[in-house]
Amino acid sequence: MEKKENLNIAACGLFCGTCRKFKNKSCPGCAANQKATWCSVRNCCNEHGWQSCAECTLLPLEECKKFNSFISKVFALVFRSDRAGCIHRIREVGAEKFAEEMRLSNSYNQPVKK
């Protein structure tokens, strides 16, 4: 069975599909952004063939130094994002359902609370 990727979901779990910059085509999104080599989360997911950290089984998300780096904490504060919540939601309902929920809520950084 071929793995189906949702290119609107970033490696860290954020949903690019409702981001203003992504919709205006001024950002290609995580998967296609060749300038995002600085992102250790994106690099790790690419190295392991994962779309996002939701597929990782190496260690608990809370213990991952790449996911919980200083820059990610600054990012979360500035953009008021809940990347961990997004990853947990993807694990609960799958990437396609998560993307549908995010599209309907018009959010890119806060998962739907159920």
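Values in this text are rule-based calculations from the coordinates and carry no lab data. Computed from a predicted structure; not experimentally measured. Positions of Cβ are generated from backbone atoms using ideal geometry, with glycine treated the same way; all protein chains shown enter the neighbour counts.
Some observations on this one:
- Rounded, prolate or oblate (a/c below 1.5 giving rounded, otherwise prolate when a/b exceeds b/c) for segment 16-105 by Cα gyration tensor: rounded
- Charge dipole magnitude, Cβ of K and R +1, D and E -1 - the chain, Cα centre, debye nearest 20: 500
- Treating r as the C-beta distance of K65 and S26 and R0 as 30 Å, the FRET efficiency rounds to 0.45.
- Sparsely packed loop sites in segment 1-92 (the GluC sites (Glu not before Pro) outside DSSP H, G, I, E and B with at most 10 other Cβ atoms within 10 Å) comprise E2.
- Legend: residue pairs K21/K65; K23/K97; K73/K97, Cα-Cα distance threshold 24 Å; pairs beyond threshold, K21/K65; K73/K97.
- The helix-only estimate of mean residue ellipticity at 222 nm for the chain, built from DSSP H runs of length n ≥ 4 each weighted as -39500 (n - 2.57), is -11000 deg cm²/dmol after division by the residue total.
- With contacts taken as Cα pairs under 8 Å at a separation of at least 6 residues, the chain carries a relative contact order of 33 percent.
- Trypsin sites (Lys or Arg not before Pro) within segment 30-91, DSSP loop, no more than 14 other Cβ atoms inside 10 Å: K35, K65, R80
- If the segment from W38 to E100 were pulled out straight at 0.36 nm per residue, it would be longer than the present Cα-Cα gap by 19.4 nm.
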